[in-house]
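Where a number appears in this text, it was derived from the coordinates with a stated rule and is not lab data. Source: prediction; values computed, not measured. Note that each Cβ is placed from the backbone with ideal geometry, even for glycine, and that neighbours are counted across all protein chains shown.
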Amino acid sequence: MKKIILYILFLYPILSFSQVGIGTETPTRTLDINGNLRIRELDNKTTSGDASYNHLLSAKDDDKDASNNIISKHGELGKVSFTSLLQSSSNNLEVKRVIYQGDVDKTQECSCGILSIFLDQSAATSQQIYPFVRLNYLSIFDNNNTDSFGLNYGQKKYIDTSYIYDNHNITFDKTGGIEPYNKLDDLKFDGNTIRIYTIILPGGNNLYRLTVSRFLTNPTTYINSLICEKFYVQQID
């Protein structure tokens with residue numbers, strides 16, 4: 001019995017720190033499988049609310065020749081940040097939509113990233129409808145070491161039967177907090193229209209495309225649509 005115990009104690013460090021190969025006699029990782037892998041059950045973390053599950057399992061590509069023929073297979077696995085896959089000059093980081101029917105309602109906000117947009121009636125004349133924008137966070141002021149900043153952006157507007165293009169400027173002030181809002185443009189929503197605003201915030205590397213539309217579905221009822229798209233910009237010259 002003593003000999004068996006001594007034998008197990010002798011083998012334990014070897015078993016603990018050796019590399020195990022399945023289908024191969026020369027493993028190069030702690031577990032090296034030369035074949036297929038099947039996992040029958042995994043915990044679904046999609047709706048768990050745990051933000052720490054933010055990586056995907058990824059495999060290293062095989063070595064290939066000029067004709068795209070496989071020379072050698074790698075099969076090495078690693079984790080890749082989910083956000084890094086989204087952050088490219090051609091992909092959306094975030095898209096949000098709010099669509100509702102009837103009168104404009106400022107509580108029907110569409111938010112993505114640092115911006116929120118909504119439709120509301122002008123305080124001066126309740127019959128005039130405009131698109132508005134506000135900030136969701138105040139960190140942009142600290143990041144740019146300022147208490148206020150002016151924002152210039154482009155506008156594309158479909159009115160009646162044609163598009164018109166324009167530039168606009170608004171100012172955000174830190175002392176007002178996140179509640180104050182600015183009109184996205186000075187041309188009221190009158191009849192069927194669609195507006196597209198392209199915005200890059202100071203010191204940011206994201207481009208926002210805000211699309212706001214209002215169309216009659218019958219002689220008296222409107223459909224209101226707000227879309228906020230946030231893109232990652234790799235480089236701005």
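Assorted remarks:
- Were the residues from GLN19 through THR198 laid out at 0.36 nm apart, the gain over their Cα-Cα distance would be 59.0 nm.
- Report note on the peptides 167-179, 199-211: ranked by the mean count of other C-beta atoms within 10 Å, highest first, their order is 199-211, 167-179.
- Here the contact order of the stretch 148-237, divided by its residue count and restricted to Cα pairs under 8 Å and six or more residues apart, works out to 23 percent.
- Gained length - VAL80 relative to ASP103, 0.36 nm times residue gap less alpha-carbon distance: 3.7 nm
- Gain on full stretching of the segment that runs from ALA59 to ASP186 - 0.36 nm per residue minus C-alpha separation: 40.5 nm
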